[in-house]
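**Student:** Dropping the structure in here first, questions after.
Each value in this text was obtained by applying a stated rule to the coordinates, not by laboratory testing. Keep in mind that what you see is a predicted model, and the values were worked out from it rather than measured. Counting neighbours? That spans all protein chains shown, and the Cβs are built from the backbone with ideal geometry, glycine included.
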């Protein structure tokens, strides 16, 4: 190896070392930021759970129940069919296990209070 080749190889090694140091520093920062974000998400989720539970009611389906009747009974005031239908859609979104409005005795449905 000539002197010039040796200097080039040495310069390339220094550049790689600097690059690696920068990458390590970025990874550390990303890990710290990720940890902070994860802690915040967990904290927010933990704080919202009791609030959600207070705003929810679990209804156990009985034989002969229909989603329409449960929704109509659940509403505080009588509404039009359009309002009942919208509330049914909201219940189905809140309960993904309800397929096409089909419910079964013993099934638990989450309703908003």
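**Student:** Which angle between 0 and 90 degrees, to the nearest 10, do you get for helix 3-54 versus the longest principal axis of the chain when only C-alpha atoms count?
**Tutor:** 20 degrees
**Student:** Quick one: among 37, 60, 22, which has the greatest mean-square fluctuation in a GNM of the chain with alpha-carbon springs under 10 angstrom?
**Tutor:** Top of the fluctuation ranking is 22.
**Student:** A further question follows. Given just the C-alpha atoms of the stretch 56-113, how large is their convex hull per residue in cubic angstrom?
**Tutor:** 73 Å³
**Student:** Grab the beta carbon distance between residue 68 and residue 43, set R0 = 35 Å, and tell me the FRET efficiency rounded to 0.05. List each step's numbers first, then the result.
**Tutor:** Values: r = 40 Å, r/R0 = 1.13.
The calculated FRET efficiency here is 0.30.
**Student:** Mean-square fluctuation check for the chain, GNM, Cα pairs under 10 Å: which of 16, 26, 102 is largest?
**Tutor:** Looking only at 16, 26, 102, the largest GNM fluctuation is found for 16.
**Student:** Hey, rough spin-label estimate for residue 110 and residue 75, points 7 angstrom out along Cα→Cβ, what's it come to in nanometres?
**Tutor:** Once both label points are built, they end up 2.3 nm from each other.
**Student:** Related question: Give or take rounding to whole Å, what are the principal axis extents of the alpha carbon atoms in the chain, in descending order?
**Tutor:** Extents along the principal axes: 92, 28, 27 Å.
**Student:** Taking only DSSP H segments of four or more residues, each worth -39500 (n - 2.57), what value at 222 nm results for the chain once the sum is divided by all its residues, to the nearest 500 deg cm²/dmol? Present the calculation step by step, with values, prior to reporting the outcome.
**Tutor:** Numbers: 3 runs with 74 residues, N = 113.
About -23000 deg cm²/dmol.
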